[in-house]
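> Before we start, here is the structure in question, set down as structure tokens.
The values are calculated or read from the model by the stated rules, or taken from the named source; none is laboratory data. All values reported here derive from a predicted model rather than from experimental measurement. For neighbour counting, all protein chains shown are included, and Cβ atoms are generated from backbone atoms with ideal geometry for every residue, glycine included.
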Amino acid sequence: MGGNDQDGYYCTICGGIPPDKITTKKILIDGKETGIDQLDWIIAEVRKLNLSEDTVITEELLKRTRALNYVPTKKAKEYGEALLTEYKKSGGVTGA
């Protein structure tokens, strides 16, 4: 690994992000581990809305996730379910 705190760190072999510096959180979507960039921020932003219905929470999670990540149209339902599960695990208040 090369670089420093001021200029950033990079892999000296490929120039990419060193594996120990990757902070993309991974969740299971349709049985496959999938990285969601900024997942903690997405959940925090949706939590600020104080929503109580799972369907509305899921829509808001998907909206923010799509802004920062690729979500295949055919897998939107699976992404929504996985995001809602992660939201609930992280202490989100949910209803029916």
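> Of the residues in region 65-83, how many are under 16 Å from Lys25 (Cα atoms) and in contact with an Asp or Glu (Cβ under 6 Å, 6 or more places away or on another chain)?
The total comes to 2.
> Tell me whether region 12-24 contains one or more residues that are at pLDDT 95 or above and either under 27 Å from Gly91 (Cα atoms) or among the hydroxyl-bearing types (Ser, Thr, Tyr) (or both). Don't jump to the end; show me each part of the working.
Initially, region 12-24 is screened for residues at pLDDT 95 or above, giving none.
Checked against the condition, which is being at pLDDT 95 or above and either under 27 Å from Gly91 (Cα atoms) or among the hydroxyl-bearing types (Ser, Thr, Tyr) (or both), region 12-24 yields no hits at all.
> Let me ask you something else. Restricting attention to region 44-68, and to residues there that are of a type in the set (Val, Ile, Thr) and more than 15 Å from the chain's Cα centre (by Cα), which single residue is surrounded by the fewest Cβ atoms within 10 Å (Cβ to Cβ)?
Thr55
> Yes or no: region 69-90 includes at least one residue that is under 10 Å from the mean Cα position of the chain (by Cα) and either under 29 Å from Tyr10 (Cα atoms) or modelled with pLDDT under 95 (or both).
yes
> Between a residue in region 52-71 that is within 14 Å of Gln38 (Cβ to Cβ) and any residue that is surrounded by 14 or more Cβ atoms within 10 Å (Cβ to Cβ) and of a type in the set (Phe, Trp, Tyr), which pairs come within a Cβ distance under 9 Å, given they are 6 or more apart or on different chains?
Once the first residue is within 14 Å of Gln38 (Cβ to Cβ) and sits in region 52-71, its partners that are surrounded by 14 or more Cβ atoms within 10 Å (Cβ to Cβ) and of a type in the set (Phe, Trp, Tyr) give Leu61/Tyr79; Leu61/Tyr87; Leu62/Tyr79; Thr65/Tyr79; Arg66/Tyr79; Asn69/Tyr79; Val71/Tyr79.
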